[in-house]
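Step one of this worksheet: look at the structure below.
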Amino acid sequence: MATQLTLFQLNDVHGYLNLHQELFYGPDGPEYRRCGGYARIATLLREWRATYPDSLLLDGGDTFHGTRPVVETQGEILLPVLNELGFAAWTAHWDFAYGPAHLQQLAGQLNYPLLAANVYDNASGQLAYAPYLLREVAGLRVGILGLASPIVEKAMPPHFSQGLRFTNGSEELPRYIAELRDQERADVIVLLSHCGFPQDVALLTQHPGVDVCLSSHTHNRLYAPYLAGETLVIQSGSHGSFVGRLTLTVDGGRVRAHDHELREVSQNLVPDADLQGRIDAALVPYASLQEVVGVVSTGLHRGTSVECPMDDFLLESLRALVPADLYFSNGWRYGAPVPPGPVRLEDLYDIVPMDPEIETVELTGAEVGQLLEHNLEGTYSHDPLHQMGGYVKRALGLNAYFKAENPQGSRLQTVFVQGQPLDPARTYTAAFITTQGVPPKLGRHRRKSGQHAVAAMRAFLAQHRPLAIGSHQTFTLV
């Protein structure tokens, strides 16, 4: 007899407790409208659960990092909100930002488990978290298998992964698929993954047996499921601006049909009054973030992979305070956009919620080339499992022409610094924020400037009112 099971997906909310601006791609360029917030998500979930009572809500991670109130409280502000929504399980990525010990404390205060079949404790060699969860819904045994982001150990600051070892999941996936099918007698296997959409497709193609993959990390808005072999893959945007629904018709231990919806969490949704009241009360100490600190005549966003106006603004702000030849930031995807008009202090913290100190380092031209090639490989690797997440590194002071389709180490065609060809033997001074800007293994004479990113952006806005940001054309795809 056929049975229906519905999965609800949230992923990459990045700490956006409340209604915020979101970027949409229009026929004439970027468009903006307000979306999201957990109180509106709660309303949508209540409506959906009335229609699809046999359901599970799952969180793909990047939950406890991304806005100032969440970063300042190291995620604590979210706990009472998340515990009201009825999640079944979650997995993690930026959630490791405060260190594994603090993540363990956060996870211990949630009323649902953290799943990660690919994270090991270095001291014991054992899994650091439960690999999977078995839930019974509508008479179906549903196995939920978790994969945390494998790049935490490779591309994030070292304290994120202290004492832990991460794998890409390729060894664990077949083992736990077999265990869920053969020992746990699961009717449906759901992979809850923060590996990224290309990475998930590669894993699922190599290791069949998963029925559904709830993918995260790469912020894709999939308006229809992608079929990786026989696995349905969905991903539901970011910032809590969307919630995904996938309804499965299961018969004889196989998914026979499905129905999918990617729903925008529209401003028109009436927020759950009780939850909105709790959120408003929790945000009272952060009222100063609503201060208007400037005006922009062009929108700021991170919605494009090679360059974006948000990071052009960030790097121009660094250049105005700290002398250097080159300026680098990471190719982050998170950060709600800022439409043309007033800019609040909260918007600046959304760009860099950690408010890192600006640092400088001396790099040879050869190291600059190595830095850029490594970043392009991490972005465009032909092996998805070698992609490290994020977009092309944001830079100012250079012009680089590259071919994305070329093999590793051969993508750069020509690079200019301050209008002159990059000299491999010359030493350049680079200013950057966070170790993701310039990894510690490169350069020498690292120095702290005493200046922080948010103050730099605020000062730059004060000097340019209104601020108009044009593309620097730092990287050109040829």
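The values are calculated or read from the model by the stated rules, or taken from the named source; none is laboratory data. Model, not experiment: these values are computed from the prediction. Quick reminder, even Gly has a Cβ in these numbers, built from the backbone with ideal geometry, and neighbours come from all protein chains shown.
Figure legend. Inter-residue proximity from the stretch 453-467: first residues touching a residue at least 60 places away in the same chain (Cβ under 8 Å) and among the aromatic types (F, W, Y), second residues outside any strand (DSSP E or B) and buried (at least 19 other Cβ atoms within 10 Å of the Cβ), beta-carbon distance below 7 Å, spacing 6+ or different chains. Indicated pairs: F460/S317.
If you go through the stretch 323-344 and keep only what is hydrophobic (A, V, I, L, M, F, W, C) and over 16 Å from F460 (Cβ atoms), you end up with L326, F328, W332, A336. Counting residues in the stretch 18-36 that are in contact with a helix residue (DSSP H, G or I) (Cβ under 6 Å, 6 or more places away or on another chain) and closer than 22 Å to H194 by Cα gives zero. Among the numbered conditions (1) more than 26 Å from T63 (Cα to Cα); (2) buried (at least 22 other Cβ atoms within 10 Å of the Cβ); (3) of a type in the set (S, T, Y), the only one that S381 does not meet is (2).
Can G299 be described as in the same structural domain as G209 (by TED's automatic domain parsing) and not hydroxyl-bearing (S, T, Y)? So G299 fails the test. When the stretch 371-409 is filtered for residues that are over 19 Å from R333 (Cβ atoms), among the polar types (S, T, N, Q) and in contact (Cβ under 8 Å) with a residue 12 or more places away in the chain, the ones remaining, listed by number, are N399, Q408. A single member of Q451, Q473 is part of a loop (DSSP other than H, G, I, E, B) and either at negative phi or not hydrophobic (A, V, I, L, M, F, W, C) (or both), and it is Q473. Figure legend. Inter-residue proximity from the stretch 144-164: first residues at pLDDT below 95, second residues part of a strand (DSSP E or B), beta-carbon distance below 6 Å, spacing 6+ or different chains. Indicated pairs: E153/F166. Once the stretch 131-152 is narrowed to residues that are among the hydrophobic types (A, V, I, L, M, F, W, C) and more than 30 Å from T435 (Cα to Cα), the residue that is surrounded by the fewest Cβ atoms within 10 Å (Cβ to Cβ) is L134.
A count restricted to the stretch 223-250 and to residues that are surrounded by fewer than 18 Cβ atoms within 10 Å (Cβ to Cβ) and either in contact with a strand residue (DSSP E or B) (Cβ under 7 Å, 6 or more places away or on another chain) or not assigned by TED's automatic domain parsing to the domain that holds L192 (or both) stands at 4.
Put simply, of P440, P424 the only residue that is part of a loop (DSSP other than H, G, I, E, B) and touching a residue at least 24 places away in the same chain (Cβ under 8 Å) is P424.
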